[in-house]
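The values are calculated or read from the model by the stated rules, or taken from the named source; none is laboratory data. All figures in this text were calculated on a predicted structure; none of them were measured in a lab. No Cβ is skipped: glycine too gets one built from the backbone with ideal geometry, and neighbour counts run over all protein chains shown.
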């Protein structure tokens with residue numbers, strides 16, 4: 001059974017809701033409809049139900065399909081991500097992944113035929129054959145999935161949304177094929193990990209608050225690489241976003257610092273979004289990448305802030321095989337429906353199998369990501385196929401170079417409640433559960449980045465700034481690797497942990513040994529506040545690429 005195999009190799013520890021999901025959808029076909037347990041939004045228990053959804057309302061859904069052979073994928077990942085294996089970094093193409101692990105053409109046909117039989121319009125089937133998008137009226141969706149949709153109101157955020165009141169029921173014909181039905185709720189629950197310090201109207205300059213591109217390049221020692229032409233050219237950085245942005249703000253930033261990067265390209269996933277409530281997050285992400293890797297191609301993946309949007313955007317990122325990915329959006333692990341968490345983890349397994357480097361902000365609430373007085377971590381940073389990126393407070397010397405870093409108190413970190421200790425972390429984590437984060441970079445808004453957003457120069461921090469920082473460095477790495485005929489960064493945690501546990505650690509990383517995030521303290525080597533610390537660019541590149 002899928003979950004037994006994965007637990008045995010120490011990759012994904014199945015929480016009880018996911019185990020119930022596996023039992024509800026057996027590998028063999030049955031004649032009895034099956035409830036897809038773990039597919040109900042946990043938050044609805046705390047919100048006010050205000051009525052039934054209009055039967056004519058258009059509802060988009062994304063169905064996640066079961067992997068063809070989880071055991072074989074687990075074995076492959078164990079080899080391709082292990083520096084000691086002969087198969088290390090022998091990654092798959094999207095087509096190879098689909099051929100080996102995606103749903104078969106017969107399975108896709110069976111699922112899409114059922115959807116059409118219920119009156120739904122079938123949209124895109126992802127290139128990996130692991131997700132199908134569809135749309136229908138609320139009445140059609142309720143009938144197709146045996147679900148009741150109701151309107152709710154979140155009084156705290158004043159958000160009105162709809163959600164299914166109980167687990168969807170799948171007919172026997174597709175029960176074994178579908179692992180998640182996303183879109184039965186449209187609750188916007190993914191938040192940015194962004195912190196703002198001050199707003200100014202002055203033009204950028206030496207006295208402008210926040211890290212300038214020149215200071216950031218000096219602090220993280222990437223100026224020599226950029227000067228040698230390793231500036232991200234030829235590398236695409238994909239930014240996962242649940243908000244649109246304003247290009248004129250990015251253009252103003254570029255002009256302010258005499259940058260001439262390629263204009264970012266927008267890729268709409270799951271219908272895209274017109275919501276601009278998080279545009280400062282998007283503009284921060286773009287501007288940090290352009291500051292450090294000025295010739296990288298930035299591709300902004302925009303999706304609705306919903307379960308269906310989340311699955312659609314991850315499917316797009318892995319299907320496009322974007323080499324470097326950064327996301328600064330997330331939520332505490334238990335806030336994800338178990339079936340959605342499993343579906344996203346499947347896409348992230350594909351990213352690792354294809355050698356994609358994925359970074360995610362670890363959160364800005366310290367060791368209490370859920371905000372309930374306990375300890376918890378942010379997802380997707382907690383996923384073992386992601387490099388969770390924590391936060392530091394950066395100090396520069398009088399010449400603008402790196403002086404020291406201490407742990408930022410807001411840096412998300414701790415112990416996962418959903419994932420077991422991955423193999424790459426076994427030497428620093430004997431708890432049996434995944435530790436977060438893996439690395440860190442400047443995130444304190446008091447030492448944050450100079451950003452132009454919404455018509456003003458602003459100083460921003462948060463682990464939202466740390467994730468694109470590492471993504472930009474990876475683009476620099478990949479451009480130098482390509483020029484020297486060396487392998488790209490690939491699955492990031494393999495590269496990070498192998499180097500961090502070598503004799504080059506003290507040269508390639510800035511070890512952060514002071515400060516805490518509440519329940520955990522920074523210390524020598526790996527810790528649950530800053531991971532292995534931040535990168536020393538030139539030394540990191542020299543150690544890996546010569």
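Yes/no matrix, rows are residues, columns are (1) crowded, with 24+ Cβ neighbours inside 10 Å; (2) part of a strand (DSSP E or B); (3) modelled with pLDDT of 95 or more; (4) touching a strand residue (DSSP E or B) at 6+ places or on another chain (Cβ under 7 Å):
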| site | (1), (2), (3), (4) |
| --- | --- |
| 339 | yes, no, no, yes |
| 342 | yes, no, no, yes |
| 388 | yes, yes, yes, yes |
| 393 | no, yes, yes, yes |
| 398 | no, no, no, no |
| 406 | no, yes, yes, yes |
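For region 88-103, give me each residue that is outside any helix (DSSP H, G or I) and surrounded by 14 or more Cβ atoms within 10 Å (Cβ to Cβ). Of everything in region 88-103, those that are outside any helix (DSSP H, G or I) and surrounded by 14 or more Cβ atoms within 10 Å (Cβ to Cβ) turn out to be 88, 89, 91, 92, 102, 103. Somewhere in region 355-374, is a residue in the same structural domain as residue 316 (by TED's automatic domain parsing), under 28 Å from residue 296 (Cβ atoms), surrounded by fewer than 24 Cβ atoms within 10 Å (Cβ to Cβ) and over 11 Å from the mean Cα position of the chain (by Cα)? The answer is yes, given that some residue of region 355-374 is in the same structural domain as residue 316 (by TED's automatic domain parsing), under 28 Å from residue 296 (Cβ atoms), surrounded by fewer than 24 Cβ atoms within 10 Å (Cβ to Cβ) and over 11 Å from the mean Cα position of the chain (by Cα). Taking the criterion of being in contact with a helix residue (DSSP H, G or I) (Cβ under 9 Å, 6 or more places away or on another chain) and part of a loop (DSSP other than H, G, I, E, B), the residues of region 468-500 that qualify are 484, 486, 487, 488, 489, 490, 491. Total residues in region 104-144 satisfying the condition of being in contact with a strand residue (DSSP E or B) (Cβ under 8 Å, 6 or more places away or on another chain), crowded, with 18+ Cβ neighbours inside 10 Å and within 17 Å of residue 314 (Cα to Cα): the figure is 8.
Condition test on residue 463, is it without any contact (Cβ under 8 Å) to a residue 12 or more places away in the chain and either surrounded by fewer than 24 Cβ atoms within 10 Å (Cβ to Cβ) or in the same structural domain as residue 284 (by TED's automatic domain parsing) (or both)? Against the criterion (without any contact (Cβ under 8 Å) to a residue 12 or more places away in the chain and either surrounded by fewer than 24 Cβ atoms within 10 Å (Cβ to Cβ) or in the same structural domain as residue 284 (by TED's automatic domain parsing) (or both)), residue 463 does not qualify. Elements of the type helices (runs of 4 or more DSSP H) sitting completely within region 209-297 and holding at least 3 residues that are over 23 Å from the mean Cα position of the chain (by Cα): these cover 213-219, 223-227, 247-256. Here residue 313 meets each of (1) buried (at least 22 other Cβ atoms within 10 Å of the Cβ); (2) in contact with a helix residue (DSSP H, G or I) (Cβ under 9 Å, 6 or more places away or on another chain); (3) at pLDDT 95 or above with one exception, condition (2).
Answer yes or no: is there a residue in region 133-149 that is outside any helix (DSSP H, G or I) and farther than 18 Å from residue 61 by Cβ. For region 133-149, residues outside any helix (DSSP H, G or I) and farther than 18 Å from residue 61 by Cβ: absent. Only one of the numbered conditions (1) surrounded by 19 or more Cβ atoms within 10 Å (Cβ to Cβ); (2) at pLDDT 60 or above; (3) not in a strand (DSSP E or B) is violated by residue 56, and that is (1).
The set of residues in region 323-337 being assigned to a strand (DSSP E or B) and out of contact with any helix residue (DSSP H, G or I) (no Cβ under 7 Å at 6 or more places or on another chain) consists of 329, 330, 331, 332.
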